[in-house]
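Below is one structure; the comments refer to it alone.
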Amino acid sequence: MRPIALLPVVLLAVAANGREPVSSLTSASAGAGPRCRELFDFDWRFHAGDAPDASQSDFDDAAWQPVDLPHDWQIAGSFDEATPDGVACGYLPHGIGWYRKHFTVPANLAGKRFYLDFEGVYRASDVWLNGQHLGKKLNGYIGFQYDITPHLRLGEPNVIAVRCDNSADNTSRWYTGSGIYRHVWLLATDPLHVERFGTYVTTPRLSDESATVRILTEVRNHHTDRRPCELVTEILDPDGRSVASARAVVPVLPGDTFRFDQELTVSRPALWSVDTPVLYTAVSRIREAGILKDVYQTPFGIREITINPEAGLLLNGRKVLAKGVNIHHDNGCLGAAAFDRAIKRRLEILKAMGCNAIRLSHNPHAPALLDLCDRMGLLVFDEAYDKWTGQFNGFAAPFEQTWKADLLEFLRRDRNHPSVFLWSVGNECTEQQIDSADRGVGQLRELVDYVHAHEPTRKVTCALYPTREDGIVYWMDPNTKAEDKAPTPMTFYMDVTSCNYMEQLFAHDQALYPQLVFVASEVSTNGAGRDWFKMDKAHNVGLFYWGGIDYLGESFGWPNKAWFRGFVDLCGFRKSVSYFVQSLYADEPFVRLAVYDTKPGSDVVWNDVKLTWRPIEEHWSWQGHARVTLATYTNCETVELLLNGRPLGEKRLADCKERLMEWDVPFEPGTLRAVGRVKGVVVSEHELRTAGQPDRITLVADRSELQADGQDLAHITVQVTDRDGVVVPSAAGTIRFTVTGAGHNAGVDNGDTMSGEPYQANERSVWKGKALLVVRAARKPGPIAIEATSPGLTTGRLELSAEAVGRAE
């Protein structure tokens, strides 16, 4: 097929894969619909290490470990300082692992086409079905699909075997995880069906009155003869009402893929935005001689994206500043295992912080994340690569040999999401920027042109660092001014110029090169995020702090296991400084108290950036201190401070330099309260209370009801409190967990990146009085009982419920 070459002014986007109802293909009732899709995550067996004969059907895997997916076997390991790439991988050893799954597909499905769809396997996966090799995939961040029809035995036992080889070092600069860490699907279709990622939707014309919706639909004919194919495409509005339809009939040749091109009109369209993330659904029905052969559903949102040097980013004609953070793909103590609920919780935390955008660093993330961003109203800076080297291939193949196939898969998977507003084809490609003869322009031009040819509705970028000629970097040397050097040549060969840690130069460069439009792809968290004030925000797309959430790997050396200067820790607990960013990002009025610790802070230099944080804690247990310095993070007009009901004064935010409201106050035990006002009206309050002696364990779950689907999670905050329920920040000791009933312990953590305790364990020490327990629901409904014990403390107990699928919130 020729590359799709559309140049619409407006984009209408759809969900990644099309959403077919999840149904069973391995039960006696299979085959009820024309397209059947089964989540293939359960009842696998796993072996750590190599097993040369495990690809064979008759291999005995009875002694292997039973596991369900998503599964990251690396996170269950023990930390080892001797790990060769320990800084990158968080000192968790990696290597080779095998998976096997036995299954039977009923004989009544004869005549279907069958596919195995892997969302991601890290890394270098080989897949066999009944001893037949299906293929190999080097890049662990990219999904892939195999047609298993020729090797599947209907009505008989089948076995799938997967070998993943993550033994190469430094395949990424961060923790990758190891294994089948994303979902797997088994798909059955008619031989005449919509192709994988087979719909592409744009809106060449959009107004308040109507949207012209253009839908390209790729239909595959696997028959050996020509088949008359009728395609009826129907658009459903957010309430499920039909608002438009189109019909076309084509005799599709044997073995051919035909691309239908249809235009439909939606009257008075509801527009997708960060505030109103409404979604339509395109339903594609394939019939042959009046018989329904396929149904393919594609959720989508109608919106207009414009990026220009005058206003930066416009969404539906209105200026929007992308207020974002960078995130890596791990889920803390769960490792890289891509649980939908773990991903959603992280996004909920960032939304609460005021974020309206995220940058997916520096690889394709799980498909569920894009679906969630569509529904939650988060803009996505979608990135395909880090360096232009063979790192994602384990250096088994050069970048030049594999990037086109991987990039096309990435674009086809994500091109229809309304949340995706910008493509990125690389990050800090220093070798090309500095060492290559053309300073990386040739490779960049090829990548950008390729994206334009296949998905021209969005602009393309590549994050630069260094951003100046001769490799001049961050302002570390006062004798060298970066503005005295010209921008690197790559600056001029992308649609939007992404710069890491050089946002101070945007206004300077735009004055010299007025055609440029900038985005601050990485902004330092130094000083709790006050680099916000260095950037011209009126004319640029936005900014993305590095990093939003602490992540495994890319540490500062043993015994540290993670990058720990994010606004949220590995547990998902917000750090006090995150509320300063919220005061910049969020509109909802709030006030938050935090007290500076008298202990000296720690400075670290990372990526040429000096990260200075003054320790600050959210408690009022400062016995031994006559006075303390504190901050009230707020976006209110005024804040009044009261200590045990006694006023300590009031401050105006407008009088505070860079919106940082600080106080020097006396300490006395009791209650410190901050009262935020707008126009004299109280709109928010926050208080801290002095803790007594450790007395009990308190368990607080983010959800009381889970889906009994074998996938859902509850994140339980474990607190050591006094008799009044106040967290004791100095509490130490180990908590032991027991989980019984319709769930099990999926991981534990406490946010301390220096800790050597394992993430997969039945106990964890508390840090700053807290820890985290993650519980995974079983596939049968019932109660889940959780007990937390520690010598000298009252036992903490909690009961959750795993509800039949569809009943839990």
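Applying the Karplus relation 6.51 cos²θ - 1.76 cosθ + 1.60 with θ = phi - 60° to region 306-321 yields 3J(HN,Hα) values of 10, 10, 8, x, 7, 10, x, 9, 10, 10, 6, x, 10, 5, 10, 8 Hz, where x marks Gly and Pro. The magnitude of the dipole of region 65-205, with charges of +1 and -1 set on the Cβ of Lys/Arg and Asp/Glu and taken from the Cα centre, is near 480 debye. Once the C-beta distance of GLU400 and HIS625 is scaled by a Förster radius of 51 Å, the resulting FRET efficiency is 0.25 to the nearest 0.05.
Since only ALA507, THR598, LEU192 are under comparison, the one whose Cα sits farthest along the positive direction of the charge dipole of the chain, derived from C-beta charges on Lys, Arg, Asp and Glu, is LEU192. If you keep only loop residues by DSSP, which chymotrypsin sites (Phe, Trp or Tyr not before Pro) in region 460-530 have at most 15 other Cβ atoms within 10 Å of their Cβ? Passing both the DSSP loop test and the Cβ count: no residue.
For ALA161, the shell of other residues with beta-carbons less than 11 Å away shows a net charge of +1, using +1 for Lys and Arg and -1 for Asp and Glu. Considering only the Cα atoms of region 493-600, their convex hull presents on average a projected area of 9.4 nm². Roughly speaking, to the nearest percent, how much of region 293-440's 1.4 Å accessible area is carbon and sulfur? Here carbon and sulfur together make up 50 percent of the probe-accessible area. The alpha-carbon positions of region 325-378 define a convex hull whose volume is 73 Å³ per residue.
The angle separating the long axis of helix 441-454 from the principal Cα axis of greatest extent in the chain is about 60 degrees. Between helix 340-352 and the chain there is an angle of about 40 degrees, using the helix long axis and the longest principal axis of the Cα atoms. Principal semi-axes of the equivalent ellipsoid, √(5λ) from the alpha carbon gyration tensor of region 545-675, are 29, 18, 13 Å from largest down. Across the options GLY155, LEU315, THR738, the greatest Cα extent toward the positive end of the charge dipole of the chain (unit charges at beta carbon of Lys, Arg, Asp, Glu) belongs to LEU315.
Computed over region 421-559, the quotient of the alpha carbon radius of gyration and 2.2 N^0.38 Å is 1.07.
The residues of region 230-370 have, on average, 34 Å² of accessible surface per residue, using a 1.4 Å probe with all protein chains present.
All other residues with a Cβ under 12 Å from the Cβ of GLY548 taken together, and with Lys, Arg as +1 and Asp, Glu as -1, what is their net charge? Net charge in that neighbourhood comes out at +4. Close amide H pairs (under 5 Å, H built 1.01 Å from N) link SER602 with TRP613, residues at least 5 positions away or on another chain.
Across the chain, the relative contact order, built from alpha-carbon pairs under 8 Å that are at least six residues apart, equals 10 percent. Per q in 0.14, 0.19 1/Å, what log10 I(q)/I(0) does a Debye calculation on the alpha-carbon atoms of region 81-146 return? Debye intensities relative to I(0), on a log10 scale: -0.60, -0.90. From the Cα gyration tensor of region 267-391, with a ≥ b ≥ c the square roots of its eigenvalues, which class applies: rounded if a/c is under 1.5, or else prolate if a/b is larger than b/c, or else oblate? Since a/c reaches 1.5 but b/c is at least a/b, the shape of region 267-391 is classed as oblate. Axis of helix 367-376 versus longest Cα principal axis of the chain: the two differ by about 60°, to the nearest ten degrees. Reported to the nearest whole Å, the Cα centre-to-centre distance from region 241-255 to region 398-449 is 34. Around ALA785, under 9 Å between beta carbons, what's the net of Lys plus Arg minus Asp minus Glu among the other residues? Spelling it out: positives minus negatives among the neighbours equals -1.
The dipole here belongs to region 453-552: it is taken about the Cα centre, uses +1 on the Cβ of Lys and Arg and -1 on the Cβ of Asp and Glu, and is about 200 debye. Ranked by the mean number of other Cβ atoms within 10 Å of their residues, highest first, the peptides 208-217, 649-658 come out as 208-217, 649-658. Residues whose amide H falls under 5 Å from that of PHE42, counting only those 5 or more places apart or on a different chain, are LEU69, with hydrogens built in the peptide plane. Here the chain is assigned +1 on the Cβ of each Lys and Arg and -1 on the Cβ of each Asp and Glu. Its dipole about the Cα centre then comes out at about 1380 debye. If a/c stays under 1.5 just call it rounded; otherwise compare a/b with b/c (prolate if a/b is bigger, oblate if not). Do that for region 702-773, with a ≥ b ≥ c from the square roots of the Cα gyration tensor eigenvalues. Here region 702-773 falls in the oblate category. Surface exposure of region 708-809, expressed per residue as accessible area with a 1.4 Å probe, stands at 43 Å². Taking 7 Å steps out from each Cα toward its Cβ at GLN515 and PHE556 produces label points 4.3 nm apart. Amide H contacts of VAL805: ALA708, each under 5 Å away and 5 or more positions distant or on a separate chain (H built 1.01 Å from N in the peptide plane; Pro and chain starts excluded).
For region 68-118, with all protein chains in place and a probe radius of 1.4 Å, 52% of the accessible heavy-atom surface sits on carbon or sulfur. The string of couplings for region 63-75 from the Karplus curve (6.51, -1.76, 1.60, θ = phi - 60°) is 8, 6, 6, x, 9, 10, 8, x, 9, 10, 6, 5, 5 Hz, one whole number per residue in order, with x for Gly and Pro. Using the Cβ-Cβ distance between GLN56 and GLU446 with R0 set to 51 Å, the FRET efficiency from 1/(1 + (r/R0)^6) comes to roughly 0.75.
Taking 0.36 nm per residue of separation and subtracting the current Cα-Cα distance, fully stretching the chain between SER765 and VAL283 would add 168.4 nm.
Given 37 °C and 0.692 mPa s, compute D for region 122-276 with the Stokes-Einstein relation, Rh being the Kirkwood radius over Cα pairs; round to the nearest whole µm²/s. Using the Kirkwood radius from Cα pairs, D works out to 168 µm²/s. Within region 731-754, which residues have the backbone N less than 12 Å from the label spot 7 Å out from TRP606 along Cα→beta-carbon, could you tell me? Only 753 pass the distance filter. A crude spin-label estimate for the pair GLU310 and ASP225, with each label 7 Å from Cα along the Cβ direction, gives 6.1 nm.
Note that region 766-779 has calculated 3J(HN,Hα) couplings of 8, 10, 6, x, 9, 8, 9, 10, 10, 10, 9, 6, 7, 9 Hz, one per residue in order, obtained from phi through the Karplus relation 6.51 cos²θ - 1.76 cosθ + 1.60 (θ = phi - 60°); glycine and proline are x.
Each part reduced to its alpha carbon centroid, region 320-372 and region 130-170 end up 28 Å apart.
Note on region 655-809: semi-axes of the ellipsoid equivalent to its C-alpha gyration tensor, largest first and rounded to whole Å, are 34, 21, 15. All alpha carbon pair distances within the chain were sorted into 20 Å bins beginning at 0; the resulting P(r) in whole percents reads 15, 47, 33, 5, 0. Taking every DSSP helix (H) stretch of at least 4 residues in the chain, weighting each as -39,500 (n - 2.57) and dividing the sum by the residue count yields a mean residue ellipticity at 222 nm of -2500 deg cm²/dmol.
For the set LYS136/LYS459; LYS351/LYS575; LYS319/LYS537; LYS344/LYS610, the pairs lying more than 22 angstrom apart at their alpha carbons are LYS136/LYS459; LYS344/LYS610.
The values are calculated or read from the model by the stated rules, or taken from the named source; none is laboratory data. This is a predicted model, so every value here is computed, not measured. Counting neighbours? That spans all protein chains shown, and the Cβs are built from the backbone with ideal geometry, glycine included. Note: areas computed on protein heavy atoms with side chains; ligands, DNA, RNA excluded. Shrake-Rupley method; radii C 1.70, N 1.55, O 1.52, S 1.80 Å.
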